[in-house]
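Have a look at the structure below, then the notes.
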Amino acid sequence: MDFFRNHDLINEDGDTLSMEDVVLASASNPAHRRNEMMACVKGLELIAEMRGDCAMLYTINCPSKYHATLMNGKPNPTWDHSTVRKSSDYLVDTFAAFRKAMHKKELRWYGVRVAEPHHDGTVHWHLLCFMRKKHRRAIT
């Protein structure tokens with residue numbers, strides 16, 4: 001935010017606008033993004049409650065070969081020089097296969113996903129999924 005705090009926008013008429021004010025008023029504001037996500041989650045929670053569905057939280061990680069460094073900061077000997085983009089693509093492809101398998105078995109669920117970086121930038125996902133209680137074991 002220091003960059004935005006230290007710069008202004010000036011139009012052709014000489015009107016000045018603080019870039020920090022613009023960012024804080026936009027959808028890019030982290031507080032706005034969090035509030036929007038929480039409102040969405042609350043809405044899904046209310047739907048699940050009305051339907052009698054249960055909630056499950058999952059974390060999906062990439063295999064070790066996608067991680068450049070270990071948690072202690074040392075180089076990961078199994079890293080295959082995959083990029084952060086490749087780790088993201090791995091999760092997208094893996095999750096697409098999972099969705100296809102669930103659809104084929106007529107197991108339905110709904111929810112939200114948050115992508116988050118590990119210490120080395122490799123992506124992992126947190127999923128909050130709602131489903132029929134009778135499908136929980138089969139989906140999990």
Considering every residue within region 108-123, establish whether at least one is without any contact (Cβ under 8 Å) to a residue 12 or more places away in the chain and of a type outside the set (Gly, Ala, Ser). yes
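Quick check on this structure: which one of Val23, Val112 is in the same structural domain as Arg137 (by TED's automatic domain parsing) and of a type in the set (Val, Ile, Thr)? Can you show your working first?
On the way: Val23 fails: in the same structural domain as Arg137 (by TED's automatic domain parsing).
Just a single option satisfies the conditions, and that option is Val112.
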With the first residue restricted to region 53-66 and required to be within 16 Å of Asp120 (Cβ to Cβ), and the second required to be basic (Lys, Arg), Cβ contacts under 7 Å at 6 or more apart or on different chains are Tyr66/Lys86
With the checklist (1) farther than 30 Å from Phe130 by Cβ; (2) part of a strand (DSSP E or B) in hand, flag the one item Val112 doesn't pass. (1)
Would you list the strands (runs of 3 or more DSSP E) that sit entirely within region 1-105 and hold 2 or more residues that are at pLDDT below 90 and surrounded by fewer than 13 Cβ atoms within 10 Å (Cβ to Cβ)? 8-10
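The values are calculated or read from the model by the stated rules, or taken from the named source; none is laboratory data. Quick caveat, the model's predicted, so the values are computed rather than measured. Backbone-built Cβ (ideal geometry, glycine too); neighbour counts: all protein chains shown.
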